[in-house]
1. Considering only region 111-125, state which residues are away from the ligand (no atom under 14 Å from the Cβ), touching a strand residue (DSSP E or B) at 6+ places or on another chain (Cβ under 8 Å) and more than 10 Å from Arg190 (Cα to Cα).
2. Just for strands (runs of 3 or more DSSP E) wholly inside region 2-75: which have at least 3 residues that are buried (at least 18 other Cβ atoms within 10 Å of the Cβ)?
3. Taking the conditions exactly as written (within 13 Å of the ligand (Cβ to nearest atom), loosely packed, with under 15 Cβ neighbours inside 10 Å, in a loop (DSSP other than H, G, I, E, B) and in contact (Cβ under 8 Å) with a residue 12 or more places away in the chain), does Gly229 satisfy them or not?
4. Just to be sure before I move on: is Glu197 surrounded by fewer than 19 Cβ atoms within 10 Å (Cβ to Cβ), acidic (Asp, Glu) and away from the ligand (no atom under 16 Å from the Cβ) in the structure I sent?
5. Considering region 88-124 alone, what residues qualify as being among the charged types (D, E, K, R) and in a strand (DSSP E or B)?
6. How many residues, within region 244-275, are part of a strand (DSSP E or B), without any contact (Cβ under 8 Å) to a residue 40 or more places away in the chain and among the charged types (D, E, K, R)?
7. Just for region 172-194: of the residues that are buried (at least 17 other Cβ atoms within 10 Å of the Cβ) and within 16 Å of the ligand (Cβ to nearest atom), which one is farthest from Glu38 (Cα to Cα)?
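The values are calculated or read from the model by the stated rules, or taken from the named source; none is laboratory data. Note that this is a predicted model, so its numbers are computed, not measured. Here the Cβ positions follow ideal geometry from the backbone for every residue, glycine too, while neighbour counts run over all protein chains shown.
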Amino acid sequence: MLTAPMWTDAFAAILRRDVLLAEMTTIRLGGRARCLVEPRNDEEVGDLLGALAAAGIAWKVIGGGSNLLPPDEDVDEVVIHPARLDSLAIDGEFVTVGAGLPLSALVARASEASLAGVHVLAGIPGQVGGALAMNAGGRHGEIAEVVDSVRVRLADGRSGELAKRDLDFGYRRCRLPEDAVITSARLRLRPAPDPRELKRETGRILKEKNAAQPTTGWNFGCMFKNPAGGSAGKLLDAAGLKGLSRGGARISPKHANFVENLGTATAADVRFLIEEAERRVSEALGVRLEREVRIWK
Ligand code: EPU
């Protein structure tokens, strides 16, 4: 009797087994992905999604791992890692970037080309795909402001292109078709009237971020979104959470919306602190904070 080929056979060249997710997250936590696939181009993402859909296999995406907390346990779903989709092409003020390009590389390359717009993202970790999915940004602006269109692969592997208006960007959110994987984006930047001033402005943004946030240790950025008109950091601070620790994890004494892995934390320690922070802010101040970090079950 003939046995059907496994989906893994077709993707052997881009598949790794038992990959420690702690090495792929900025908080350095997470168990192993039993199967991690690293597509080399848009088409390969489509082929992979098509094969997984046909085989009925669940999957997740990990980008730069900067806003993510995987579990301590191994992850059974296939993990798709688009880091190899890291192309960048400049055509006048349009920049086409792969989803796996680190944001820091995008900021640097745009600056070299004297193009302004993404400089407001200086200091934000992660890759382009995650930055789009979360509408990454800060007080100086967000990635949505420069998006022209986004290419995705849909759950069945088909290709799609979404214009900015279809994505309905909001504060740390956007609307994507269910189970779509972003593969690239076309951004519209603007020529900097004074390239030296662009570099100085980028430097100022970085300096400000370093002064306010723990930018050296292991963390995943802010735990919670800011509530409308308020500041999650201020509320967490007022509720006395700065410095609270559990196992090897601690709420930053510098900024109360950050939780740090001091070296020996588990994801369970971090989850405990997130839940404790939610509980205390709700009890003391009557505010229900919304999580920004994506927690994998
Ligand atoms: N504050 C406190 N105590 C704290 C932390 C902050 O009193 O422990 C006060 C600050 O003094 C300030 C206010 O709260 O008056 C706001 O703090 P900050 O300027 O640090 O900005 P944020 O609102 O906490 C946001 C984004 C950051 C982004 C910064 C700078 C969110 C949830 N956070 O932080 O984004 O880097 O602005 O642009 O939107 C992220 O999303 O992961 C993130 C780091």
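1. Selection gives Ala113 alone.
2. Of the strands (runs of 3 or more DSSP E) lying wholly inside region 2-75, those with at least 3 residues that are buried (at least 18 other Cβ atoms within 10 Å of the Cβ) span 32-37.
3. When the stated conditions are applied, Gly229 does not pass them.
4. It is true that Glu197 is surrounded by fewer than 19 Cβ atoms within 10 Å (Cβ to Cβ), acidic (Asp, Glu) and away from the ligand (no atom under 16 Å from the Cβ).
5. Asp91
6. 2
7. Of everything passing the filter in region 172-194, Arg172 is farthest from Glu38 (Cα to Cα).
Table: residues versus (1) closer than 30 Å to Glu260 by Cβ; (2) modelled with pLDDT under 95.
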site	(1), (2)
Met1	no, yes
Ala13	no, no
Arg16	yes, no
Leu20	yes, no
Glu23	yes, no
Val45	no, no
Leu48	no, no
Gly64	yes, no
